[in-house]
1. Just one of B:Gly20, B:Gly31, B:Gly38, B:Gly51 is surrounded by 14 or more Cβ atoms within 10 Å (Cβ to Cβ) and over 16 Å from B:Ala115 (Cβ atoms); which is it?
2. From the list A:Pro138, A:Pro94, exactly one residue is in contact with a His (Cβ under 6 Å, 6 or more places away or on another chain) and within 29 Å of B:Ala65 (Cα to Cα). Which is it?
3. Scan region B:72-87 for residues that are small (Gly, Ala, Ser) and either within 9 Å of chain A (Cβ to nearest Cβ) or touching a residue at least 40 places away in the same chain (Cβ under 8 Å) (or both) and jot them down.
4. Has region B:13-25 got at least one residue that is of a type outside the set (Ser, Thr, Tyr), within 14 Å of another protein chain (Cβ to nearest Cβ), in contact with a strand residue (DSSP E or B) (Cβ under 8 Å, 6 or more places away or on another chain) and touching a residue at least 40 places away in the same chain (Cβ under 8 Å)?
5. Residue check: is B:His41 part of a strand (DSSP E or B) and not aliphatic (A, V, I, L, M)?
6. Could you check region B:90-106 and list, in sequence order, the residues that are surrounded by fewer than 18 Cβ atoms within 10 Å (Cβ to Cβ) and of a type outside the set (S, T, N, Q)?
7. Name every residue in region A:9-35 that is without any contact (Cβ under 8 Å) to a residue 60 or more places away in the chain and either under 14 Å from the mean Cα position of the chain (by Cα) or in a loop (DSSP other than H, G, I, E, B) (or both), in order of residue number.
8. Kindly list, by first and then second residue, each pair from a residue in region A:91-109 that is touching a residue at least 24 places away in the same chain (Cβ under 8 Å) to a residue that is among the β-branched types (Val, Ile, Thr) and part of a loop (DSSP other than H, G, I, E, B), limited to pairs with Cβ atoms under 8 Å and residues at least 6 apart or on different chains.
Amino acid sequence: MLVTRRVEFSAAHFCRRPELSENQNRELYGEAANPHGHGHNWVVEVTLEGPPDPVTGMVFDLKALKEILRRTVVEPMDHRFLNYEVPPFDRLAPTAENLAREIWRRVEPEVRAAGRRLHAVRVWETEDFYVDCFGDEP
Amino acid sequence: MMRVTRRYRFSACHRLHAPGLTPSENRAAYGQCNNPFGHGHDYLLEVSAQGPLQPATGRVLNPAALDRLVAHAVLEVFHGRNLNAELPEFAAAPPTSENLASAIRRRLQEGWWEAFPDGEPRLARIRLQETRRNSFEIMEEE
């Protein structure tokens, strides 16, 4: 069974690569290349997979998952400028793809330590664009 | 491995009517969608592409490239149209959302290589929402 918990946070970012020209950055990242930055209401959906516990009837304690997400995602990222305040985005462009993988890296070990399997991390950058990450490898 | 999804919107009108069925069979099969004058929807289309995260860009694809393909292959073709009267796909087949999703998939596949000549990412999924109460999804084989 799949179980999904959703959290939201608001944060600023821009997407640029320092070795590229202004035109190349605009071509690659569009409006997101504006060096002054802009922001989104990011929505993160974390999906766990496993059988319901025969006693509790739950796949995972959602209170515990909420706490993991608060500590690893919302607390460090909400109302922050990702490029300046949230490593590794000081050296990695905070695209939705990189953000999804970073959240996978933060959440997966905790879910695994609790004996459950992380199935997917979905990051909504806007209502019309989202990314699904199914693992740590590129 | 990562999957990126963009959402697009278009509006079109249609009438569900299968030529091989009698009038009463058509009414039984399609209900009010068989109304001879037709009706329309604001369709919501999700197109998902799957591929490796490119370390140099932090991207699976450039969304602008997908936008150009979808605009050309889908939105310019279907938006503001009468599906029965104007689309060759539906000259004989009824424009159900199942058939419409298949037609969209075919048109995207035809333009995919030109839009993404590197072979990555590949088309992974199409989800077509006809109304808030129904949606239709085609997953490509792994």
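1. B:Gly38
2. Result: A:Pro94 is the single residue among A:Pro138, A:Pro94 that is in contact with a His (Cβ under 6 Å, 6 or more places away or on another chain) and within 29 Å of B:Ala65 (Cα to Cα).
3. If the condition is that a residue be small (Gly, Ala, Ser) and either within 9 Å of chain A (Cβ to nearest Cβ) or touching a residue at least 40 places away in the same chain (Cβ under 8 Å) (or both), then B:Gly80 is the only one that fits.
4. no
5. For B:His41, the condition - part of a strand (DSSP E or B) and not aliphatic (A, V, I, L, M) - is met.
6. Passing the criteria: B:Ala91, B:Ala92, B:Ala93, B:Glu98, B:Arg106.
7. Passing the criteria: A:Pro18, A:Glu19, A:Leu20, A:Ser21, A:Asn34, A:Pro35.
8. A:Ala93/B:Thr57; A:Pro94/A:Val86; A:Thr95/B:Thr57; A:Glu97/B:Val60
Bear in mind that the values in this text are calculations on the coordinates, not laboratory data. For clarity, every value in this text was computed on a predicted model and none was experimentally measured. Every residue, glycine as well, gets a Cβ built from its backbone with ideal geometry; the counts of neighbours run over all protein chains shown.
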